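Here the structure comes first, spelled out in structure tokens, and everything after it is commentary.
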Amino acid sequence: MTAFVPKPDLPPPPGSVGLAGWMRQNLFSTPLNGFLTVVVVWLIGSTVWPLVHWAFVSGVFSGRTAADCRKGGACWLFVADRLVFFVYGFFPRAETWRVDVVFAVSAAVLAALVIPRVPRKPAIAAAAFVGLPLLVTVLMHGGIFGLAQVSTDQWGGLTLTLVLSVVGIVLALPFGILLALGRRSRMPTIRVMSVVFIEAWRGVPLISVLFMASVMLPLFLPETVHPSKVLRAMIGIVMFESAYMAEVVRGGLQAIPRGQYEAAGALGLGYWRTMVLIILPQALKLVIPGIVNTFIALFKDTTLVGIIGLFDLLATVQATIMDPAWPDVATEAYLFAGSVFWVFCFAMSRYSQSLERKLQTGHRRR
Amino acid sequence: MAEAPQRTAAQDFAIEIAAMNKWYGAFHVLKDINLRVRRRERIVVCGPSGSGKSTMIRCINRLEEHQSGDIIVDGVPLTQDLRNIEQVRRDVGMVFQHFNLFPHLTVLENCCLAPMWVRKVPRAEAEATAMALLERVRIPDQAKKYPGQLSGGQQQRVAIARSLCMMPKIMLFDEPTSALDPEMIKEVLDVMVELAEDGMTMICVTHEMGFARRVADRVIFMDAGQIVEENPPEAFFSHPQNDRTKLFLSQILDH
């Protein structure tokens, strides 16, 4: 009987690992791939590099007025000059601390809900659901506790964008869930009403919804009720996005096997307990990509309120373009606005991915 | 608190099905079903697929609705009245072929959910009952795991424990071992045999004839929506009276 002699471990061939190995496998594996790699690198070099050069290398970041800007380089000076306008809109300068307080509290609530280790999230969420609107009304609208009243028409810039988006996001999800459940209901009245609502609000563009909300809503309301433009825009956005959210949630509900409903029923759980404890947790988990997609779209759709005369972030940036003090900053202005939107949307996207990772606990073996 | 649903006089029977008929649209799926199950009685229902046996037991806890005839469970008639349905579902437990555990909850949470939310049992008591029942089905160590981490046989035993946590008076089994590998069938059948020997009223739809011989008080053969034959197991297996029964037994007992 011969003894077992283990063979020594050898290092892999040099061209197959490390950067050279990766490049060989992924970029130059066949002659066609190699050619395509060269073409793509040339394309990137000829388009992206000039942009980066114009924006950052020749860009002017310090100075006071348009005169300090160089030709052939991006002029970013308007950002510092107009930052207060971009963030607060027409809010009176002396009262902007109130907006800061609302931002700080909201950021704290958001951090508490997002960071995994913070306990009692449902309680925090419930308290915020009730408390934050109150805080916003008292602090930002004012008129009580000795605070000067600031009409909502003066809200603008990033403040307005965030207010519209957060209200839209926070209300569209529960309404969407109710509509989705209604559409799947066995009671004909509820089902018909849900279908009509969804198809009506989904079928018209958001621009016309905002327009109608702004112009027609006052006609339907009694003489004494005068909702502000911001409130009308909020209502329009929430109705529109709920209809979209309803269909996303319905997709998730459809994916839950009938056995789950049957098992819950056989255990004696009624309709609402089955939905809240068993079905919705599974269904919502399934459609997190769709839900976050809708949220991100909502955030960007708020730019349409420019059509009814509200000055959200995009509109304030556009106003700067029209301003004679800053001629010819159109490209930089739109790039700036786009970057701000991108930062928020990307943050939502990253959070959604981390949420999905966290919620994979035992749900599927993958 | 809603008033208790009306109970009929005859409470000696756990389940009474009288002249029950069910249609799926125009298709007559259950024809003139008459069945009376006494308390502590064990019934095994067998038959070819499509015979309506699963549909029949699903009518007992109103997972399916019957269009004519009466079903009375523990004295509570099954009608459109939601209170009756909820009362029946509280007292009747069901185990499904595909387990239907809730994948987003741990085993312990699966078992505690219904007692806490339906019977309003406090959490500590529900957990104690659940652990005791998990021990009875011999998987107390899996309490903190998720269903996706368990084997089929373990999942089915959790499903049995989950139903038992509601302290039902009647247990319904809808082909509980049909989706299991052969090695796991035994562990589930052992649990069911123990349950039967402890005196639970049960109706079991199954193809496991060994289980029927061992535990059943009556074996019922169904075909084409009708009850063809019912007898105690010795008579049923050795002296089947109906031709259809003989044919079925020859097919399934041969292998």
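Considering each residue of the stretch B:1-26, count those that are modelled with pLDDT under 90 and open to solvent by 70 Å² or more (accessible area, probe 1.4 Å), and give that number.
8
If you scan the stretch A:259-270, which residues turn out to be over 18 Å from A:Val287 (Cβ atoms) and either at the interface with another protein chain (Cβ under 7 Å from one of its Cβ atoms) or open to solvent by 10 Å² or more (accessible area, probe 1.4 Å) (or both)?
Kept after step one, since they are over 18 Å from A:Val287 (Cβ atoms), are these residues of the stretch A:259-270: A:259, A:262-270.
The answer is A:Gly259, A:Glu262, A:Ala263, A:Gly265, A:Ala266, A:Leu267, A:Gly268, A:Leu269, A:Gly270.
With the requirement that a residue be open to solvent by 10 Å² or more (accessible area, probe 1.4 Å) and more than 9 Å from chain A (Cβ to nearest Cβ), what does the stretch B:113-132 give you?
Scanning the stretch B:113-132 gives B:Met116, B:Lys120, B:Val121, B:Pro122, B:Arg123, B:Ala124, B:Glu125, B:Glu127, B:Ala128, B:Thr129, B:Met131, B:Ala132.
How many of the residues making up the stretch B:192-228 are more than 21 Å from B:Val73 (Cβ to Cβ), open to solvent by 10 Å² or more (accessible area, probe 1.4 Å) and touching a strand residue (DSSP E or B) at 6+ places or on another chain (Cβ under 6 Å)?
So the answer is 2.
Considering only the stretch B:27-46, I want to know if a residue exists there that is surrounded by fewer than 21 Cβ atoms within 10 Å (Cβ to Cβ) and part of a helix (DSSP H, G or I).
Within the stretch B:27-46 (the criterion being surrounded by fewer than 21 Cβ atoms within 10 Å (Cβ to Cβ) and part of a helix (DSSP H, G or I)), the answer is no, since none of the residues qualifies.
Which residue is farthest from B:Ile160 (Cα to Cα), if the candidates are limited to the stretch B:198-232 and must be among the acidic types (Asp, Glu) and out of contact with any helix residue (DSSP H, G or I) (no Cβ under 6 Å at 6 or more places or on another chain)?
Result: B:Glu230.
Name the residues in the stretch A:27-38 that are open to solvent by 50 Å² or more (accessible area, probe 1.4 Å) and assigned to a helix (DSSP H, G or I), would you?
A:Pro31, A:Leu32, A:Asn33, A:Phe35, A:Leu36, A:Val38
Quick check on the stretch A:313-327. Is at least one of its residues in contact with a Gly (Cβ under 8 Å, 6 or more places away or on another chain), surrounded by 18 or more Cβ atoms within 10 Å (Cβ to Cβ) and among the small types (Gly, Ala, Ser)?
For the stretch A:313-327, residues in contact with a Gly (Cβ under 8 Å, 6 or more places away or on another chain), surrounded by 18 or more Cβ atoms within 10 Å (Cβ to Cβ) and among the small types (Gly, Ala, Ser): present.
So A:Pro116 ticks every box in (1) touching a residue at least 24 places away in the same chain (Cβ under 8 Å); (2) part of a helix (DSSP H, G or I); (3) over 21 Å from A:Pro227 (Cβ atoms) but one. Which box is left unticked?
(2)
Test of understanding: among A:Leu158, A:Leu171, which residue is open to solvent by less than 50 Å² (accessible area, probe 1.4 Å) and within 16 Å of the chain's Cα centre (by Cα)?
From the options A:Leu158, A:Leu171, the qualifying one is A:Leu158.
Go through the stretch B:67-112 residue by residue and tally those that are more than 18 Å from B:Ile170 (Cβ to Cβ), outside any loop (DSSP other than H, G, I, E, B) and either at the interface with chain A (Cβ under 9 Å from one of its Cβ atoms) or in contact with a Phe, Trp or Tyr (Cβ under 7 Å, 6 or more places away or on another chain) (or both).
Matching residues across the stretch B:67-112 total 2.
So in the stretch B:148-164, with the set limited to residues that are open to solvent by less than 10 Å² (accessible area, probe 1.4 Å) and free of Cβ contacts under 8 Å to residues at least 60 places away in the same chain, which one is nearest to the other protein chains (Cβ to nearest Cβ)?
The residue in question is B:Leu150.
Residues A:Phe129, A:Phe145, A:Phe220: which one is within 23 Å of the chain's Cα centre (by Cα) and either over 20 Å from A:Val238 (Cβ atoms) or open to solvent by 40 Å² or more (accessible area, probe 1.4 Å) (or both)?
A:Phe129
Say whether the condition of being at the interface with chain B (Cβ under 10 Å from one of its Cβ atoms) and either in contact with a His (Cβ under 8 Å, 6 or more places away or on another chain) or open to solvent by 20 Å² or more (accessible area, probe 1.4 Å) (or both) is met by at least one residue in the stretch A:285-304. Spell out how you get there, then give the answer.
Within the stretch A:285-304, the subset at the interface with chain B (Cβ under 10 Å from one of its Cβ atoms) is A:285.
Those left that are additionally either in contact with a His (Cβ under 8 Å, 6 or more places away or on another chain) or open to solvent by 20 Å² or more (accessible area, probe 1.4 Å) (or both): A:285.
Yes, the conditions are met somewhere in the stretch A:285-304.
Assuming A:Ala200 fulfils every condition listed in (1) in contact with a helix residue (DSSP H, G or I) (Cβ under 6 Å, 6 or more places away or on another chain); (2) at pLDDT 90 or above; (3) small (Gly, Ala, Ser) apart from one, which condition is it?
Result: A:Ala200 fails condition (1) only.
Determine whether A:Val196 is more than 30 Å from A:Ile307 (Cα to Cα), open to solvent by 70 Å² or more (accessible area, probe 1.4 Å) and not in a loop (DSSP other than H, G, I, E, B).
no
The values are calculated or read from the model by the stated rules, or taken from the named source; none is laboratory data. Just so it is clear, the model here is predicted, and its values are computed rather than measured. All Cβ positions, glycine included, derive from the backbone under ideal geometry; neighbour counts span all protein chains shown. The protein model used for the area step is the full one, side chains on, heavy atoms only, and it has no ligands, DNA or RNA in it. Shrake-Rupley method; radii C 1.70, N 1.55, O 1.52, S 1.80 Å.
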